[in-house]
Every structure is written in C-alpha cells, then in structure tokens.
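**Student:** First the structure, which I've put down as structure tokens, then a few questions once you've had a look.
Values quoted throughout were computed directly from the atomic coordinates according to the rules given, and no laboratory measurement underlies them. The shown structure was predicted, so the numbers you read here are calculated from the model rather than taken from an experiment. Don't worry about glycine lacking a Cβ; one is built from the backbone with ideal geometry, like all the others, and counts go over all protein chains shown.
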Amino acid sequence: MEFFEQQWSSYRAIVDHDLMEHRALTAAVAQVLDQWLATRPAGTPAPELVDLGCGDLALMAAHYRRWPLGGLWALDLTARVLSLAQQQLGPVGYPCCFQQGDLFAWASQVDGQPVDLIHTAFAVHHLNDDQKQTFLQGCRRRLRPGGLMLWGDVFREPGESRDEYVKRYSQRIRSGWTVLSDLQQEQTINHLSSLDNPADWGTIGALARAAGFESRWVWGGQHRAEKLLVLT
Ligand SMILES: C[S@@+](CC[C@H](N)C(=O)[O-])C[C@H]1O[C@@H](n2cnc3c(N)ncnc32)[C@H](O)[C@@H]1O
C-alpha cells in the first residue's frame, strides 16, 4: 500500500479533519461494542479483539484503553503505521500484538486462533468482490460463538458502478476536501481510482448470509459512502 507507506500524513489530515466521518463511525462502533460488553454474562472471559487494517489507531486507541479486553491483535500491511499505533495506544492491562500482515491471509488461516471481536475500518474495500466473500467466510470461521464483527467502510450505492462511484468520490474530494493541498487531493484520487473496490451495499446482506453471518446496518454517513455493518 504505497499511499499509506508514503503519504500517511495526508491520510492523517483526512482523519483529523473528519473528511471520511471517522468520528461518527467510531462513535457508532463504540456504542455497539459498549452494548455487547454490557450484556455479556458475568464470569465470561475477557474478549480478545483483532483490528484488521488498524492504521495508527488515531480514534480507536481511546476505546481500546477503556474496554476490558483480554487481548488485542493490531494487524496492518503497512509496517510503519504499527509503531504509531503502539504509541497511540500506550500501556494497557492486557496483552497486545502489533503485527505486519495481510487481513485476507489472516482470515484465510484455517488453524488460526479464534477471537471474540473483529473490528475493521476502511481496509476491506481494497479486496475484490470474490476476496470479500472468502474474507467474510474466514472471519466467520475465526469468530468464537457469540462473537461480533464490526465492518466500517466505504460502499457503493445499490446499482452504482465502480466508475460512477470513483467519479462521485473524486468530485467530493475536489469540492469539499479543500483543507488538503491540490497535490494531496490528486494523490488521494489516484489511490482510490486505482486501488479502491467498495462493495455495492445492497449485495452485502446476501454475501454475509452466504458466509454464515446475520448482518445489520447500524450507521450511515452523510455522503452515501461510509457505513457500518454489524455481523453476528
Ligand atoms: C484507510 S486506512 C484505515 C486505517 C484505520 N483502520 C482507520 O480507520 O483510520 C487503511 C489501512 O488498511 C491497511 N490495509 C490495506 N489493505 C490491507 C490488507 N490487505 N491487510 C492489512 N492491512 C491493509 C493500510 O495499510 C492502512 O493502514
């Protein structure tokens, strides 16, 4: 992921200015997870969580510090963000592992250790549609009974082609992301034009069902792109 390797400061500016609605998405994730934690039977072992494509944990770190986790695996393809993530999290009272790796490979690992919680934000849209299906099947396999998966991401509107989506999102960047320099805007557009492959959100229910999940949309942003899906 050259963009994330070389232009992390541009991505960080996008997050800091909330251009992809990270704040509302993270609040929705926290609300779902707070509720899930509150309804766990007393005496259940502390839940283990994996964050797939964790980035630098800019917004999630505060929640990971306060949740009573039994372990955190933070996985990302881009090595340099992992030290930022570790710094951002700081000391916590449970074991953590910051690991460079591919989320698709993680989900495909048949004998991999199961987890109670899977969180992923703005990373799965890099997979193609077949890979997304295989990825969901793998996540289902690695999730313990009673576990929860939270998938925040960008999605296409039902029936919208990838080209239409790229055009629409590029217009959004050029007209609204003016806190970024022209160069940063063009680099972001180049990245999304060449590498982003958001799923049509209208097809996701069937995809999730085929993987053995029940799914529900719990949040949608104001730009008809960012959304949060909960899978159980
Ligand atoms: C847009 S950033 C999102 C970071 C963070 N989750 C957030 O919400 O701010 C995408 C992150 O996913 C990582 N990524 C992309 N494809 C990946 C893959 N196949 N496996 C693991 N990480 C991946 C990138 O390196 C980058 O850190």
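**Student:** State all residues of segment 70-88 that are within 11 Å of the ligand (Cβ to nearest atom), touching a strand residue (DSSP E or B) at 6+ places or on another chain (Cβ under 8 Å) and not aliphatic (A, V, I, L, M); if no residue qualifies, say none.
**Tutor:** Hits for segment 70-88 are ASP76, THR78.
**Student:** From the residues in segment 89-103 that are surrounded by fewer than 20 Cβ atoms within 10 Å (Cβ to Cβ) and closer than 25 Å to LYS227 by Cα, which one is nearest to the ligand (Cβ to nearest atom)?
**Tutor:** ASP102
**Student:** Being crowded, with 17+ Cβ neighbours inside 10 Å and more than 25 Å from ARG40 (Cα to Cα): is that true of HIS125 here?
**Tutor:** Numbers: crowded, with 17+ Cβ neighbours inside 10 Å: yes; more than 25 Å from ARG40 (Cα to Cα): yes.
When the stated conditions are applied, HIS125 passes them.
**Student:** Out of segment 83-126, which residues are without any contact (Cβ under 8 Å) to a residue 24 or more places away in the chain and either of a type in the set (A, V, I, L, M) or part of a strand (DSSP E or B) (or both)?
**Tutor:** ALA105
**Student:** Six or more apart or on different chains, Cβ atoms under 8 Å: show the pairs whose first residue is in segment 215-232 and touching a residue at least 24 places away in the same chain (Cβ under 8 Å) and whose second is among the charged types (D, E, K, R) and in a loop (DSSP other than H, G, I, E, B).
**Tutor:** GLY221/GLU21; GLN222/GLU21; HIS223/GLU21; ARG224/GLU157; GLU226/GLU21; LEU231/GLU214; THR232/GLU214
**Student:** Something else now. Of these, ARG162, ARG140, which one is farther than 19 Å from LEU52 by Cα, surrounded by 13 or more Cβ atoms within 10 Å (Cβ to Cβ) and of a type in the set (Lys, Arg)? Don't jump to the end; show me each part of the working.
**Tutor:** Values: ARG140 fails: farther than 19 Å from LEU52 by Cα.
From the options ARG162, ARG140, the qualifying one is ARG162.
**Student:** Out of all the residues in segment 134-188, which are farther than 15 Å from ALA225 by Cα, assigned to a helix (DSSP H, G or I) and of a type outside the set (S, T, N, Q)?
**Tutor:** PHE135, LEU136, GLY138, CYS139, ARG140, ARG141, ARG142, ARG174, ASP182, LEU183, GLU186
**Student:** Considering only residues that are away from the ligand (no atom under 16 Å from the Cβ) and hydroxyl-bearing (Ser, Thr, Tyr), look in segment 17-69 and name the one that is surrounded by the most Cβ atoms within 10 Å (Cβ to Cβ). Working first, answer last.
**Tutor:** Residues of segment 17-69 that are away from the ligand (no atom under 16 Å from the Cβ), as a first pass: 31, 34-48, 65-69.
With hydroxyl-bearing (Ser, Thr, Tyr) added as a condition, the list becomes 39, 44.
Details: THR39: 7, THR44: 11.
Step by step, filter segment 17-69, then rank; the result is THR44.
**Student:** While we're on this one: Is it the case that ASP163 is in contact (Cβ under 8 Å) with a residue 24 or more places away in the chain and acidic (Asp, Glu)?
**Tutor:** Values: in contact (Cβ under 8 Å) with a residue 24 or more places away in the chain: no; acidic (Asp, Glu): yes.
No.
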